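One structure is given below, encoded as structure tokens.
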Amino acid sequence: MVQPVRLPALPLHGGCQCGKVRYAVSGVPLVLYLCHCTECQRHTASAFGQSMWVRREEFSLSGELGHTRRPNSSGETHGHFCPSCGVRIFHDEPGSEEITLKAGTLDDTSWLFPAGHIWTRSRQPWMTIGASELSAPAEPESFEPYLARWRDMLEAGAVAKM
Ligand SMILES: [Zn+2]
Ligand SMILES: [Zn+2]
């Protein structure tokens, strides 16, 4: 029995805290997971990041963005944020077909439930992870199990809605 996720009507809308940056997601997100790495803890100023993959071609944005660059294991991660209020909107790698949306910036976050957790070895000690939840101590070798679990969760949510 997977956790049902009830996807709201598309497009999804979101934006930064001051409202100068707004965006829309016109397609079904590919996955949502929580990242407990220290980079996410720092850039969110919180306990973990909420990473939602969406197709770049299904993501549209209005407003100006500032940018950060950080090396990663396969190249470089770019962070895109509102220069007025500082809220991080998404991460990407140059040329990638997907972007990683910071899901806490969605207008409606009430339906979000993660498919799993990554970088659990640096999670906060009070953060308990259920035995049935997907998790990886660091960067997983493949995200395919997370994408598959997310598809099952969406399917379960769609059935429950009828
Ligand atoms: Zn802003
Ligand atoms: Zn992270």
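In whole Hz, what ³J(HN,Hα) sequence does region 34-44 give by Karplus (6.51, -1.76, 1.60; θ = phi - 60°), x for Gly and Pro?
9, 10, 9, 6, 5, 5, 5, 4, 6, 6, 8
Residue by residue through region 76-83, which ³J(HN,Hα) values in whole Hz follow from phi under the Karplus form 6.51 cos²θ - 1.76 cosθ + 1.60 (θ = phi - 60°), with glycine and proline marked x?
For region 76-83, the Karplus curve yields 9, 9, 9, x, 10, 9, 7, x Hz.
Per residue, how much accessible surface does region 1-139 expose to a 1.4 Å probe? Answer in Å², no decimals.
That works out to 54 Å² for each residue.
Amide H to amide H, which residues 5 or more places from Thr77 or on other chains are under 5 Å from it, using H placed in the peptide plane?
Arg70, Asn72
Taking θ as phi - 60°, what are the ³J(HN,Hα) couplings along region 3-12 by the Karplus curve (6.51, -1.76, 1.60), each to the nearest whole Hz, with x for Gly and Pro?
5, x, 10, 9, 5, x, 4, 7, x, 7
Using a/c under 1.5 as the rounded threshold, could you call the chain rounded, prolate or oblate? The axes a ≥ b ≥ c are square roots of the C-alpha gyration tensor eigenvalues, and prolate needs a/b larger than b/c, oblate otherwise.
On the way: a/c = 1.61, a/b = 1.14, b/c = 1.41.
The shape class here is oblate.
Amide H of Phe48 versus every other amide H placed in the peptide plane: which residues, excluding those fewer than 5 positions away on the same chain, fall under 5 Å?
Excluding prolines and chain starts, which carry no amide H, there are no hits.
Please state the shape class of region 53-116: rounded when a/c is under 1.5, otherwise prolate if a/b exceeds b/c and oblate if not, all from the C-alpha gyration tensor.
On the way: a/c = 1.59, a/b = 1.17, b/c = 1.37.
Cα axes put region 53-116 in the oblate bin.
Of the accessible area of region 3-98, with the probe set at 1.4 angstrom, what percent is carbon plus sulfur? Don't jump to the answer; show the numbers that get you there.
Working: 2420 of 5060 Å².
Accessible surface attributable to carbon and sulfur in region 3-98 totals 48 percent.
Suppose a student asked you for the relative contact order of the chain, using Cα pairs under 8 Å spaced at least 6 residues apart; what percent would you report?
Values: 331 pairs, mean separation 48.7, N = 162.
Computed over the chain, the figure is 30 percent.
Taking the highest mean first, how do the peptides 107-120, 28-41, 57-70 order by number of other beta carbon atoms within 10 angstrom per residue?
Top to bottom by mean Cβ count within 10 Å: 28-41, 107-120, 57-70.
Magnitude of the Cβ-charge dipole of region 12-161, K/R +1 and D/E -1, about the Cα centre, nearest 20 debye? List each step's numbers first, then the result.
Values: 14 positive and 17 negative charges, 97 e Å.
So the magnitude is around 460 debye.
Residues with amide H under 5 Å of Ile89's amide H, sequence separation 5 or more or different chain, H placed in the peptide plane at 1.01 Å from N; which?
His80, Phe81, Cys82
I'd like the FRET efficiency for Glu76 and Trp126, computed as 1/(1 + (r/R0)^6) with the beta carbon distance as r and R0 of 25 Å, rounded to 0.05.
On the way: r = 33 Å, r/R0 = 1.31.
The formula returns an efficiency of 0.15 here.
Distance between the C-alpha centers of region 128-155 and region 20-34? Whole Å please.
Here the answer is 18 Å between Cα centres.
The values are calculated or read from the model by the stated rules, or taken from the named source; none is laboratory data. The structure displayed is predicted, hence computed values, not measured ones. Methodologically, a virtual Cβ is constructed for each residue, glycine included, from the backbone with ideal geometry; neighbour enumeration extends over all protein chains shown. Ligands, DNA and RNA are stripped out before the accessible areas are found, and what is left, the full protein with its side chains, is counted by its heavy atoms. Shrake-Rupley method; radii C 1.70, N 1.55, O 1.52, S 1.80 Å.
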